[in-house]
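Step one of this worksheet: look at the structure below.
Each value in this text was obtained by applying a stated rule to the coordinates, not by laboratory testing. Note that the coordinates shown come from a computational prediction; the quantities given were computed from them, not determined experimentally. Virtual Cβ from ideal backbone geometry, glycine too; neighbours counted across all protein chains shown.
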Amino acid sequence: MSDVSTDNRGKATMEKITSLAKRRGFVFQSSEIYGGQSGAWDYGPLGIELKNRIARNWWREMTQLHDDIVGLDAAILMHPRVWEASGHVENFTDPLVDCKKCKARFRADQIPQENLSSKKCPDCGGELTDTRKFNLMFKTHIGPVEKNDDSNAVYLRPETAQGIYVNYKNIIQSSRMKIPFGIAQIGKAFRNEIVTKNFIFRTCEFEQMEMQYFVKPGTDVEWFNKWKERRWAYYEKLGVKMDSLRWHQHGSDELAHYAKDAYDIEYLFPMGWKELEGVHNRSNYDLSRHAQFSGKDLQYIDQENNNERYIPFIIETSAGLTRTLLMLICDAYDEEKVADKGSGGTEASGDDWRTVLRFHPAIAPVTVAVLPLMKKDGLAEMALDIRQELKEDYTTDYDQAGAIGRRYRRQDEAGTPFCVTVDYESKENGTVTLRFRDSMEQVRVHKNELASRLREEIKAYKRTK
């Protein structure tokens, strides 16, 4: 069932994560039957459920639980002047070198300095080209004919934030928002990465979950610290192992041209500490630039304070949806030696290991699986009836193939927190076995009480491993 070697049993590695992700239908290589498309991935049945649940959970956290934050879905294609104003045309570049011999391409800041200074390829030893700037935006053209000039050029957006900034005045006017307030958005972004690696960690096509919070100048430091606290607490609510998270403050050599201050929440992935989410004080750079380039007045008029006018400062929280998905799979991954639980031999026999994803039930792709002990004697029909009732409130699965212990293991690998087993006693008194993924504990519950019992268990859930 699991790809467990005796050398690193119990330890999550990227090899194990990618193997499990494909085997169980979380993530597939894009265009795999054609050899695959580098930097692009497809999300399978469990993957899209997990991704949608992460997005819904984040959206609820930002909009439903905050009266001062509203939502937006801005277009991917925007006026090209947007990206001039934002600084992406000029500044959104990576240093690039190519090998003249093997044609490999490298980011100059990610290869050893001795290779750069001697212009020697780290792969084949061939000669490297001079370093040049490479803009990460994908460029395309609108219209039936691609002209020789850039008069009809547009870009696939490299971030979702600019769509929020150019709509800031529209939202104030239509929703009567008053500062401080925020605008949240989930959407796709595209970056022509020189190097894509570590599975879905860095890709050319990805999704962002961003919230831009507009504040009065002078209050920005206070709000910056508040949003740092709120975003840290959010991961605790998701059940993430908090000792695998840390803050990293951007130094002067890392700080973006628009930022007054910036911190990253980093997670200890199998490949080391990497950025998970950024919290940035963007000052009033973005709105000031858009006012300059568009010729529109983007000042906020504070009608409750003698019509005071100012360009708001912006506190940004920016997380990658697909990167968060990878983090949650890595964080949930566990390999556990299973002791004999004395449950009729269904949980363990001898030296047995199980692979389990310990997702919080609020984000697990499947909340509850319904399993008839046998296909015959009306047990399958009873199990299907129970599943139909639970569907109204929960994402369900149904599995009647193979030994019950093997079916439990399949659900463990999918991260399903609860299994309901229908047996012959169920026909006699209406009770079923409710099995808990993390502890493998089993209790009898009347089928009519299942929905409410699951609701209680989800609400009270606390991760113990």
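In this rough spin-label picture, where each label sits 7 Å from Cα along the Cβ direction, the ARG105-GLU32 distance is 2.5 nm. Note on ALA40 and LYS197: the extension gain reaches 55.5 nm, defined as 0.36 nm multiplied by sequence separation minus the Cα-Cα distance. Take 324-333, 265-274 and order them by the average number of nearby Cβ atoms within 10 Å per residue, most first; the result is 324-333, 265-274.
If I compute P(r) over Cα pairs in 20 Å bins from 0, in percent from the structure I just sent, which labelled value in (1) 20, 41, 23, 12, 4, 0; (2) 20, 47, 27, 5, 0; (3) 22, 49, 24, 5, 0 lines up? The calculated read-out lines up with (2). Fully extending the segment from ASN91 to THR131, taken as 0.36 nm per residue of separation minus the present Cα-Cα distance, adds 12.8 nm.
Cβ screening of the chain for cysteine pairs under 4.7 Å finds these without a partner: CYS204, CYS330, CYS419.
In this structure, TRP232 and TYR398 have a Cβ-Cβ separation that, at R0 = 35 Å, corresponds to a calculated FRET efficiency of about 0.35. Here the stretch 343-459 is assigned +1 on the Cβ of each Lys and Arg and -1 on the Cβ of each Asp and Glu. Its dipole about the Cα centre then comes out at about 180 debye.
Centre-to-centre, using Cα atoms only, the stretch 174-206 and the stretch 273-306 are separated by 17 Å. Helical runs assigned H by DSSP (4 residues or longer) give the chain a calculated mean residue ellipticity at 222 nm of -8500 deg cm²/dmol, each run adding -39500 (n - 2.57) before division by the residue total. Other residues within the sphere of radius under 13 Å centred on the Cβ of ASN305, judged by their own Cβ, net out at 0 (K and R +1, D and E -1). Computed extension gain for ASP438 through SER117, at 0.36 nm per residue and net of the alpha carbon distance, reaches 110.3 nm. Rounded to the nearest 20, the Cβ-based charge dipole of the chain about its Cα centre (Lys and Arg +1, Asp and Glu -1) stands at 380 debye.
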